Every structure is written in structure tokens, then in C-alpha cells.
Amino acid sequence: MPNELLWLFMAIIDFCVLLLVFRLFGRDGLYAAIVISIILCNIQVLKIVEIFGLTATLGNILYGSIFLSTDLLSELYGKDKARKGVWIGFYALIFTSVIMQIALLFKPAADDFIDPALRQIFDFLPRVVIASITAYMVSQHHDVWLFHTLKNKFKGKHLWLRNNITTMTSQLIDSVIFCVIAFWGVFPFNIFLEILLTTYVIKWIVAFIDTPFIYLSRYIAVRYNLHKPD
């Protein structure tokens with residue numbers, strides 16, 4: 001199957017699962033989705049793929065869904081709950097990094113064959129984690145701030161516009177910060193620049209794809225009375 005079809009399939013699956021956990025668990029489901037996505041996307045980001053004629057990292061779909069989750073938290077539950085989601089993701093990423101670094105300190109058994117693969121992934125992870133944490137915290141807090149600024153400006157209307165403006169702006173900030181910290185000096189400059197530009201383009205596409213899902217999520221919240229004050 002071509003990479004492009006796989007990519008679209010993974011995007012649909014990711015957003016559908018997000019709707020499912022939201023339907024089943026409400027706000028807690030969005031927090032859980034943030035944790036799962038932040039961990040997996042920081043593993044997937046190590047894989048470079050050719051897609052739509054572009055060279056890009058693979059973790060963009062899962063990372064983009066985090067912005068969808070925080071936008072939903074902002075829209076349905078308010079700024080404080082969205083910021084709580086951002087911090088939950090931060091702690092999940094820190095904990096994963098620390099635990100895996102400790103795991104790598106264990107001496108493998110003589111018949112172990114997985115340790116080299118784990119080291120190849122997670123020995124690189126600290127740099128990726130630093131890049132991801134910095135980009136994540138800056139871009140996500142910007143996303144929450146801008147979303148509520150626009151929500152007040154538009155008096156709660158034009159959800160599609162608010163979602164796309166905030167996500168696409170925040171993704172630009174995220175892409176620049178992440179790529180500079182994670183990949184500067186790792187790849188030749190021309191590849192680095194291509195990854196930076198295509199990473200943002202792919203994230204831009206993800207932001208566009210998630211638009212109907214934020215409306216579906218709001219419908220689910222109203223239909224099943226998931227928008228409940230504390």
C-alpha cells in the first residue's frame with residue numbers, strides 16, 4: 001500500500017479513536033488521548049518517510065491530534081482544563097524518558113536480542129524529548145491562549161476558523177522549535193530544511209483534516225451530555 005494511503009488511513013483511525021475515547025470517557029478520555037499520542041509520536045518521529053513527494057517525519061498525525069484534544073478541552077471545558085491537558089502530556093513525556101533511560105542501564109541477558117533495537121530508539125530519545133518538551137510547552141500554551149482570544153473575539157462562533165488558525169499558527173511555532181533542537185546537525189542542511197518545511201506542511205494538512213472531527217466531538221458532547229461542569 002502506498003505511503004499516502006497508509007498515512008490517510010492512520011489519520012482517520014487516530015481521529016476516530018479520539019472520538020471513541022471521548023464518547024466513552026468524556027474529558028478524561030481526552031487527557032488519556034494526549035498521553036498516548038505524546039508518547040507514541042515521539043517514537044514515530046524518528047522514522048523519516050517519503051509522502052506526497054515530500055520527506056517528513058512520521059509522528060505528525062499523532063502530534064496533530066494533541067492540538068485537537070486541547071482545542072476540544074478549551075471549547076467544551078475552558079482554558080484551565082486545556083492547560084491541565086498540556087501539563088498531563090508534559091509529565092507523561094518526562095516520565096517515559098526517565099523510565100526508558102533507567103531501563104537501558106540494565107545489562108541484557110546473553111540470549112537477548114531486543115536491547116540493540118531499544119538503544120537505537122531510546123538512546124536518541126533524550127534529544128528528541130528535550131526538543132519535543134520545549135516545542136510542546138511553547139506551542140500548546142500559545143494554542144490555548146490564542147484559541148480563547150479568538151473565541152472571545154468571535155463570541156464563540158466560527159469554530160472551524162478558530163481551530164484552524166490556532167492549530168496552524170501553533171504548529172509553525174512547534175515545527176521550528178522541534179526541528180532546530182532535534183535535527184540540527186543530525187542531517188545535512190538541505191535535508192534538515194526539507195524536514196522542517198515538510199513537517200509543517202504535513203501538520204497543516206492534519207489540522208485541515210481534523211476540522212470535521214472537532215464538530216463531531218462537539219455534537220457528541222451535546223448529544224451524550226458530556227459537557228458537564230465540575
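Taken together, the values in this text are just the output of simple stated rules run on the coordinates, not laboratory data. All figures in this text were calculated on a predicted structure; none of them were measured in a lab. Cβ placement follows ideal geometry from the backbone for every residue including glycine, while neighbour counts extend to all protein chains displayed.
What list do you get for 134, 149 if you sort them by fewest beta carbons within 10 Å?
Numbers: 134 16, 149 12.
In increasing order of surrounding Cβ atoms, one gets 149, 134.
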**Request:** Send over the Kirkwood Rh of the stretch 3-223, from the inverse of the averaged 1/r over different Cα pairs, rounded to one decimal Å.
**Result:** 17.9 Å
**Request:** Give the angle, between 0 and 90 degrees and rounded to the nearest 10, that separates the Cα long axis of helix 27-44 from the longest principal axis of the Cα atoms of the chain.
**Result:** 30 degrees
**Prompt:** Tell me, what HN-Hα J-couplings in whole Hz come from the Karplus equation 6.51 cos²θ - 1.76 cosθ + 1.60 at θ = phi - 60° for each residue of the stretch 11-16, using x for Gly and Pro?
**Reply:** 5, 5, 4, 4, 5, 5
**Inter-probe distance in nm under a simple model that places probes 7 Å from Cα toward Cβ, at residue 91 and residue 223** = 3.3 nm
**Item:** Efficiency of FRET from Cβ geometry, residue 194 and residue 109, R₀ 35 Å, rounded to 0.05
**Value:** 0.25
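Could you tell me the relative contact order of the chain? Use alpha-carbon pairs under 8 Å, at least six residues apart, and round to a whole percent. Could the numbers behind the result be given before it?
Values: 258 pairs, mean separation 58.5, N = 230.
Relative contact order, the chain: 25 percent.
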**Complete:** Which of 68, 104, 76 fluctuates most in a GNM of the chain (C-alpha springs under 10 Å)? That residue is 104
**Asked** Going by alpha carbons, how many degrees (0 to 90, nearest 10) lie between the helix axis of 159-183 and the longest principal axis of the chain?
**Response** 20 degrees
**Request:** Between residue 142 and residue 50, take the C-beta separation as r, use R0 = 41 Å, and let me know the FRET efficiency to the nearest 0.05.
**Result:** 0.85
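Would you please calculate the Kirkwood hydrodynamic radius of the stretch 13-78 over all C-alpha pairs and express it in Å, rounded to one decimal?
Numbers: mean 1/r = 0.0804 Å⁻¹.
Value: 12.4 Å, from the Cα pair sum.
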**Complete:** Under the Karplus relation with 6.51, -1.76 and 1.60 and θ = phi - 60°, whole-Hz ³J(HN,Hα) for the stretch 52-66, x at Gly and Pro, equal 6, x, 10, 9, 8, 7, 8, x, 5, 5, 4, 5, x, 5, 5
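Based on the Cβ-Cβ distance of residue 208 and residue 149, what FRET efficiency does E = 1/(1 + (r/R0)^6) give at R0 = 22 Å, to the nearest 0.05?
Values: r = 21 Å, r/R0 = 0.97.
The value I calculate is 0.55.
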**Prompt:** Which one of 214, 138, 226 has its Cα pushed farthest toward the positive end of the charge dipole of the chain, where Lys and Arg give +1 and Asp and Glu give -1 at the Cβ?
**Reply:** 226
**Item:** residue 158 paired with residue 12, simple spin-label distance in nm, labels 7 Å along Cα-to-beta-carbon
**Value:** 3.1 nm
**5 angstrom amide H check on residue 48, placed H, neighbours 5+ away** = none
**Asked** How many lysine pairs in the chain, separated by 8 or more positions in sequence or lying on different chains, have Cα atoms less than 25 Å apart?
**Response** 25
**Message:** Just to be sure I understand: with springs between alpha-carbon atoms less than 10 Å apart, which residue in 109, 56, 135 has the highest mean-square fluctuation in the Gaussian network model of the chain?
**Reply:** 109
**Pair residue 201, residue 24: separation of 7 Å Cα→Cβ label points (nm)** = 3.7 nm
**Prompt:** What residue among 81, 203, 107 has the largest mean-square fluctuation in a Gaussian network model of the chain, using Cα springs under 10 Å?
**Reply:** 107
**Prompt:** With axes computed from alpha carbons, what is the tilt in degrees of helix 211-223 against the longest principal axis of the chain, rounded to the nearest 10 within 0 to 90?
**Reply:** 60 degrees
